[in-house]
């Protein structure tokens, strides 16, 4: 039997806080940062788990950093360009799917 006082679980609330600090330090635009924070609040208010919100925020930040995405200005052409880059990046299927979820 597992002693719950000894058992270590992943603290996704703490991971989310660390991601928020990474977002703050990121070189993405202030507009993107504000949109990502609004999205975080909306998802948490909707009852989504800290683990899921953490993963979504990481994906959004990395998409903005790696592909120069401006979330307010993304259009169909840019979306297709990013999706093609994701498909050809050599990433694992699960990673590609996480990024695609955030875009579609």
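Any read-out appearing in this document is the output of simple, stated calculations on the displayed coordinates, not a laboratory observation. In this text, all values refer to a predicted model and were calculated from it rather than measured experimentally.
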Quick one: among 26, 59, 49, which has the greatest mean-square fluctuation in a GNM of the chain with alpha-carbon springs under 10 angstrom?
49
Report the residue, chosen from 19, 76, 87, that carries the largest GNM mean-square fluctuation when the chain is represented by alpha-carbon nodes joined by springs under 10 Å.
76
Longest principal axis of the chain (C-alpha) makes with the long axis of helix 76-87 (C-alpha) an angle, in degrees to the nearest 10, of 60
For the chain, what does -39500 (n - 2.57) per DSSP helix run (n ≥ 4), summed and divided by total residues, give at 222 nm, in deg cm²/dmol to the nearest 500?
-22000 deg cm²/dmol
Contact order normalised by residue count of the range 12-103, Cα under 8 Å, 6+ apart, percent:
32
Over the Cα atoms of the chain, how large are the radius of gyration and the largest Cα-Cα distance (Dmax), in Å?
15.6, 55
Quick one: helix 12-25 against the long Cα principal axis of the chain, what's the angle to the nearest 10°, folded into 0 to 90?
40
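At 0.36 nm per residue, minus the direct Cα-Cα distance, what do residue 81 and residue 96 gain on full extension? Give it in nm, one decimal, please.
Values: separation 15, 0.36 × 15 = 5.40 nm, distance 1.41 nm.
Full-extension gain reported as 4.0 nm.
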Using Cα atoms only, what is the angle between the long axis of helix 30-45 and the major principal axis of the chain, expressed in degrees (0 to 90) to the nearest 10?
40
